[in-house]
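Report on one structure; see the data block that follows.
The values are calculated or read from the model by the stated rules, or taken from the named source; none is laboratory data. Everything quoted here is computed from the prediction, not taken from an experiment. When we count neighbours, we look across all protein chains shown, and the Cβ atoms used for this are built from the backbone with ideal geometry, even at glycine. Side chains are part of the model used for accessible areas, which takes the heavy atoms of the whole protein and leaves out ligands, DNA and RNA. Shrake-Rupley method; radii C 1.70, N 1.55, O 1.52, S 1.80 Å.
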Amino acid sequence: MTPSRTDTRTRTGPRRPRSSGRPRRQAPLALALPGVLAVAFLLLPLAGVLAGAPWQSLPERLTAPEVTEALGLSLVVSGWALLLSLVLGVPLAWLLARVEFPGKALIRVLVMLPMVLPPTVAGVALLEGYGRRGLLGPWLADLGITLPFSTAGAVVASAFVSMPFLVISLEGALASLHERYEETALSLGASPLRTFFTVTVPMIAPGLIAGAALCWARALGEFGATITFAGNLPGTTQTLPLQVYLLLQNDPDGAVAVSLLLLVVATAVLLALRGRWLGGGAAAGAGAGATPRTNGETNAGADEFLESPDTQAPSGHPDDAAGATDAGWPLTADVTGSTQVSLTAAPGTTIAVVGPNGAGKSTLLRALLGLTPRADAHPLRLGALTVDGLPVHRRGIAWVPQDGALFPHLTALANTAYGPRAQGVPKHHARVAAQRWLDRLGVGHLAHRKPGELSGGQAGRVALARALAARPRLLLLDEPLAALDQTTRARVRHALRAHLSGFDGVCLIVTHDPVEAVALADHVLVLEEGRCVQYAETAEVARHPGSPWVARMLGRNAWPGTVQADHLELTGGGRLVFADHALSDGTPAMGVVGPEAVSLHRERPSGSPRNVWPGVVRELAAHGGRLRVLVDAVPEVVAEVTPGAAAELGLAEGVDVWVSVKATEVTLVGL
């Protein structure tokens, strides 16, 4: 029980410390003692540096000309090494994390090799690769480039041993970033390069900063590879670590002073990497600002986005004027592969895609986007445009994944304006249109919140607004209302239906909710095991479901079997008598009965029902103002009764009952 405010004020006694949530474990002596010795083993040399440092003459020694010259050179070399590592290492980390290619494991081993090589061996390898008589040396000499015993050589040596720290750290950050964020950005019209800099980089900023810091610190402290490949030339290649090596021979106290400086730098880097700024979410991005207001500024390409959301304009793609038909954007697609579907839909059609888990619903959407090797949409035509050969960002197909995939570094307003901005609309106009979409979906007052500050339902509505604001030719929604509560779902469903009624393209909605399918869709596409089981108008699917799964999704009992004279011989055992049919004997068919047409009895009924069988109540569940009763029987059946009837019959789990269904209530559907 939560204590009241009065209880809290009158509580006495010492305050308990906050618990971390994990019980404190007492370490066995056999493990604790070696652990303590290990810490002492590592700390003792560092303590020796602190104890042996010439504290009185430390400022004088650190400001000596040769030390400041070496320090300046170290900063230059490590800075250029970091820049070289970023230019080469960031793309390499992205390739290792995102692209499958032959020899990937070998490349990863080669990347990590400089981390475990002795530094002098790394220097010898650099001489054999980039030296005057190395593999690349003669070609570099022809270009007038000499790396050994030069500052550039020191940069190359430092980058060689430090780049792996950046690549490994960044690859881990990229691997933990789900690809759906980048895929969503592409579907909104952002090019791959724009996606990388506006979505990927901000979201992996902590890993990038950590890798860059480690890379820079390693480059700053490099010694063996530098002295072997670049030599020890004052003012040219003599960095601080090499200065320490020289001072040890003539001025040990000076060597300790410079070592202390390097120790402080390394410690500061490690402490910074453990800071809270690195443990949170992605770095903050653009987006926070005042709600834009329209002014006299105009832009021909932006006017489409400034129209009311009720008016559909082309999406801003360059081919729209030539590709749209007079009526809009009809869809024609043949999907092959693990999911096989042929779709033809007129502009303004909304298709509900339904099916059991693993049926291929999400694969269908990804095939239309061109994001999966498991299935391919070819041909894929939107209006007069054939888009199956186009990259994702040029197809004009907006996608809302199951979790919305809102960019966490952007506000709700900036998220919604992302599509128009990617399509070249000026920032001000894009934000005005984005604000209107947020207002229409009831989240306009949350425009300047980031996704982490939104509830699941609010985030779902922002994701929907973002897709609609991009003015797509084809709209793909993967369970867009799943995260909403019932009240909000009804309101958003109404707003979505109003939008779709004027949408001049085709919309595919993946859903498991029959209410959504009936309320939003004109047609229903039923997938099972990657194949199309039924594709028809919503009313037709409701009247004649094409499979047992569809019938059960619609809340009906469905039993497959074979027609035999006046009854259906059920596949799972039992028989079902029907009144009338137009199917010949031996035809595979399905008997469909609504749960409201099923009667339950405590004793075997007498009278007109021709279908009577015994069973046991397995489960009772509320369904609106009635109760649904699952009866374990042959065949299994779901009945719907009022709470009063359930009480009168004494229904409860484990109670024996008799089931009856009139033959006239059985609808026979051919399979």
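Just a few scattered comments:
- Scanning region 523-558 for residues that are in contact with a helix residue (DSSP H, G or I) (Cβ under 9 Å, 6 or more places away or on another chain), crowded, with 17+ Cβ neighbours inside 10 Å and not in a strand (DSSP E or B) yields GLY530, THR538, VAL541, ALA542, PRO545, VAL550, MET553, LEU554, ARG556.
- Scanning region 375-384 for residues that are of a type in the set (A, V, I, L, M) and modelled with pLDDT of 90 or more gives ALA375, ALA377, LEU380, LEU382.
- Single unsatisfied condition, LEU71 versus (1) of a type in the set (A, V, I, L, M); (2) open to solvent by 70 Å² or more (accessible area, probe 1.4 Å); (3) modelled with pLDDT under 90: (2)
- Residue within region 176-186 that is under 18 Å from SER78 (Cβ atoms), open to solvent by 40 Å² or more (accessible area, probe 1.4 Å), touching a helix residue (DSSP H, G or I) at 6+ places or on another chain (Cβ under 9 Å) and among the small types (Gly, Ala, Ser) present: no
- Here VAL116, VAL124, VAL111 are screened, and the one residue that is under 30 Å from GLY235 (Cα atoms) and in contact with a helix residue (DSSP H, G or I) (Cβ under 7 Å, 6 or more places away or on another chain) is VAL124.
- Candidates LEU248, LEU233, LEU220, LEU242 - the one that is of a type outside the set (Lys, Arg), open to solvent by less than 30 Å² (accessible area, probe 1.4 Å) and more than 46 Å from the chain's Cα centre (by Cα): LEU242
- Region 473-510: number of residues that are in contact with a helix residue (DSSP H, G or I) (Cβ under 8 Å, 6 or more places away or on another chain), surrounded by 22 or more Cβ atoms within 10 Å (Cβ to Cβ), in a loop (DSSP other than H, G, I, E, B) and not charged (D, E, K, R): 2
- Lone qualifier among GLY424, GLY419, GLY404, GLY452 - being surrounded by fewer than 23 Cβ atoms within 10 Å (Cβ to Cβ) and either of a type in the set (Ser, Thr, Tyr) or closer than 23 Å to ASP478 by Cα (or both): GLY452
- Residue check for PRO102: part of a helix (DSSP H, G or I), over 18 Å from ARG218 (Cα atoms) and open to solvent by 50 Å² or more (accessible area, probe 1.4 Å): no
- Every test in (1) open to solvent by 40 Å² or more (accessible area, probe 1.4 Å); (2) part of a helix (DSSP H, G or I) is passed by PHE149 save one, and that test is (2).
- Top-ranked residue in region 190-216 [being open to solvent by 10 Å² or more (accessible area, probe 1.4 Å) and among the small types (Gly, Ala, Ser); ranked as farthest from PRO401 (Cα to Cα)]: ALA213
- For region 40-53, the count of residues that are in contact (Cβ under 8 Å) with a residue 40 or more places away in the chain and open to solvent by 80 Å² or more (accessible area, probe 1.4 Å) is nonzero.
- Residue tally, condition more than 15 Å from TRP549 (Cβ to Cβ), assigned to a loop (DSSP other than H, G, I, E, B) and open to solvent by 30 Å² or more (accessible area, probe 1.4 Å), over region 511-522: 1
- Tally, over region 353-375, of residues that are under 18 Å from CYS507 (Cα atoms), open to solvent by less than 10 Å² (accessible area, probe 1.4 Å), in contact with an Asp or Glu (Cβ under 7 Å, 6 or more places away or on another chain) and touching a residue at least 40 places away in the same chain (Cβ under 8 Å): 2
- Residue list for region 498-526, restricted to those being without any contact (Cβ under 8 Å) to a residue 40 or more places away in the chain and within 25 Å of the chain's Cα centre (by Cα): ASP513
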